[in-house]
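J.: Got a structure here, written out as structure tokens. Questions coming.
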Amino acid sequence: MDDQAILDLYWARNEQAIAATHQKYGSWCRTIAHRILMIQEETEECVSDTYMTAWNKIPPERPNIFQAWLGKITRNLALSRYRKLHAEKRGGGQLDLALEELEFCVSGRETIDSEMDSRAIVSAINRFLADQSQINRDIFMRRYFHMESIREIARDYRMTESRVTSLLFRQRKQLKSVLEQEGIEL
């Protein structure tokens, strides 16, 4: 079923919309949530919450790119769930590593999460990514949005892990420079 047909089901308040969403994007949402949470039960809860959020937001929203919209909801729910689960302890997984890497570029006031939410920084990052090559942009997004490991990225792009690490390091330096040039406080 294509995305427009699924969205039409949501607009008609037909419960088949959830089943169609699960069939088409369930594994996509599960992958995003699991990379952040690393606990199967929490991942499944997060995916269920994604479907509930979609049900509650459509209508009035009608996303242009349904898959990306679901991915963003899943990611935000997983990050919130992660923060609750790790409020007093630091766990393993890619989230901590990815956020520690980005702290070099955007650290300071409260937490990286609150800064990432500011419109100025999001706009600057979007402009930074627009200037990157497609492959560099994809690698950056896979690491810092989808929380994929360096190993997974290297395997998929047939690169060495050190090459991916080096590329990401250069991108973080470039991003920091862009943010400083735009007067964003670091």
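The values are calculated or read from the model by the stated rules, or taken from the named source; none is laboratory data. All of these numbers come straight from a predicted model, not from anything done at the bench. Here the Cβ is made from the backbone with ideal geometry for all residues, glycine too, and neighbour counts use every protein chain on show. The protein model used for the area step is the full one, side chains on, heavy atoms only, and it has no ligands, DNA or RNA in it. Shrake-Rupley method; radii C 1.70, N 1.55, O 1.52, S 1.80 Å.
J.: Percentage of Cα-Cα pair distances in the range 1-63 greater than 18 Å, rounded to whole percent?
T.: Values: 676 of 1953 pairs.
Beyond 18 Å sits 35 percent of the P(r) for the range 1-63.
J.: Which value, in Å², gives the accessible area per residue of the range 16-83 when a 1.4 Å probe is used on the protein heavy atoms?
T.: Details: 3400 Å² over 68 residues.
Solvent-accessible surface per residue comes out at 50 Å².
J.: Please find the FRET efficiency linking E15 to S80, where r is the Cβ-Cβ separation and R0 is fixed at 35 Å, and quote it to the nearest 0.05.
T.: Computed FRET efficiency for E15 and S80 comes out at 0.85.
J.: Describe numerically, in nm with one decimal, the distance between label points set 7 Å from Cα along Cα→Cβ at N56 and at E161.
T.: Roughly 4.0 nm, to one decimal.
J.: I'd like the projected area of the range 130-176, averaged over all directions, using the convex hull of its alpha carbons. Report it in nm² with one decimal. Walk me through the intermediate numbers first.
T.: Details: hull surface 12.1 nm².
Answer in nm², one decimal: 3.0.
J.: Sticking with this structure for a sec: Working with all protein chains in place, sort W28, W11, W55 by solvent-accessible area computed with a 1.4 Å probe, largest first.
T.: Values: W28 75, W11 110, W55 50 Å².
Accessible-area ranking of W28, W11, W55, largest first: W11, W28, W55.
J.: I need the peptides 3-10, 46-53, 60-67 ranked by packing, meaning the mean over residues of other C-beta atoms within 10 angstrom, with the highest value on top.
T.: Details: 3-10: 17.4, 46-53: 20.0, 60-67: 12.2.
Those peptides, ordered most packed to least, come out 46-53, 3-10, 60-67.
J.: Label R127 and A68 with points 7 Å out from Cα along Cα→Cβ: what is the distance between them in nm?
T.: Distance between the two pseudo-spin positions: 1.9 nm.
J.: Enter the accessible area of I125 (Å², nearest 10), with the probe set to 1.4 Å and all protein chains included.
T.: 20 Å²
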